[in-house]
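Have a look at the structure below before the remarks.
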Amino acid sequence: MEEIELYLEEAKELMQKAVAHTSAELLKIRAGKAMPNLLDGITVQYYGANTPLSQVSSVNTPDARTLSIKPFERSLISEIEKAIINSDLGLAPQNNGEVIILTIPALTEERRISLVKQAKHECEGGKISLRTVRKDINDELKKLQKDGASEDEIKRAEEVVQKLTDQFSTKIDELLAKKEVDIMKV
């Protein structure tokens, strides 16, 4: 039945988005290395509008533990410093009048364990999204059954949805395993 196929496609698409979102959230968890995407969530007041840091400056990594932020306009240095201090990064910016330097401290064992917990929390959120999609699609399939679709087709579709859920759940587990290794590596 055509409607069932549409629901299955929608399930797959939504589950892919959940995995992509989880992956993006895991990238924000720093593992002791300076990475420009660490600053992706930071916005700066620029001519009265909240603007992503990447649009008002260039971010470079001179070495493995340092981020260098060069604003396109010098007047933004104090705004960028304020945004970094107010963020949840826990980094202290230093500036020389032209460039802001962020030194990423080495991670302690305690901090590594805390970051692994944070990564597990993000992955659990991704799995909850997958289960929500599964529930919503299965509810829609049951409505189709009430509207006259055959019970066998609905059962097969529910099995496909479950296989998709398992498949994407495994992808999230793989993302977590990679991130955990990355975090725990000294």
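The values are calculated or read from the model by the stated rules, or taken from the named source; none is laboratory data. All of these numbers come straight from a predicted model, not from anything done at the bench. Cβ: placed from backbone, ideal geometry, glycine included. Neighbour counts: every protein chain shown. Accessible surface is based on the protein model in full, side chains and every heavy atom, while ligands, DNA and RNA are left aside. Shrake-Rupley method; radii C 1.70, N 1.55, O 1.52, S 1.80 Å.
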Tilt relative to the chain, helix 2-27 - C-alpha long axis, 0 to 90 degrees, to 10
20 degrees
Phi to ³J(HN,Hα) by Karplus 6.51 cos²θ - 1.76 cosθ + 1.60 over the range 110-122, Hz, x for Gly, Pro:
4, 5, 4, 4, 4, 5, 5, 4, 4, 5, 4, 4, 4
Within the range 79-116, which residues have the backbone N less than 17 Å from the label spot 7 Å out from M184 along Cα→beta-carbon, could you tell me?
107-116
Rounded to 10°, Cα long-axis angle of helix 77-86 versus longest principal axis of the chain
50 degrees
Under 5 Å between amide H atoms, partner at least 5 residues away or on a different chain: which partners does V44 have, H built in plane at 1.01 Å?
T51, L53
Accessible surface of the chain [probe 1.4 Å, protein heavy atoms]: carbon and sulfur percent:
51 percent
Per DSSP H run of n ≥ 4, the term is -39500 (n - 2.57); total these for the chain, divide by its residue number, and report the mean residue ellipticity at 222 nm rounded to 500 deg cm²/dmol.
-21000 deg cm²/dmol
Relative to the longest principal Cα axis of the chain, at what angle does helix 151-184 sit, 0 to 90 degrees, rounded to 10?
20 degrees
Using a 10 Å Cβ count of at most 14 others and DSSP loop calls, identify the longest part of the chain lacking such GluC sites (Glu not before Pro).
99-186
Could you give each residue of the range 40-48 its phi-based ³J(HN,Hα) in whole Hz, using Karplus coefficients 6.51, -1.76, 1.60 with θ = phi - 60°, and x for Gly or Pro?
4, x, 8, 10, 10, 6, 9, 6, x
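Do the alpha carbons of any pairs in K143/K178; K117/K155; K117/K163; K143/K179; K82/K171; K120/K163 sit beyond 29 Å of each other, and which pairs? Please list the in-between numbers first.
On the way: K143/K178 40 Å; K117/K155 37 Å; K117/K163 27 Å; K143/K179 40 Å; K82/K171 37 Å; K120/K163 22 Å.
Over 29 Å Cα-Cα: K143/K178; K117/K155; K143/K179; K82/K171.
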Over what distance in Å are the Cα centres of the range 11-40 and the range 108-186 separated?
15 Å
Hz values of 3J(HN,Hα) by residue in the range 90-102 - Karplus curve (6.51, -1.76, 1.60), Gly and Pro given as x:
x, 10, 9, x, 10, 10, 10, x, 10, 10, 9, 10, 10
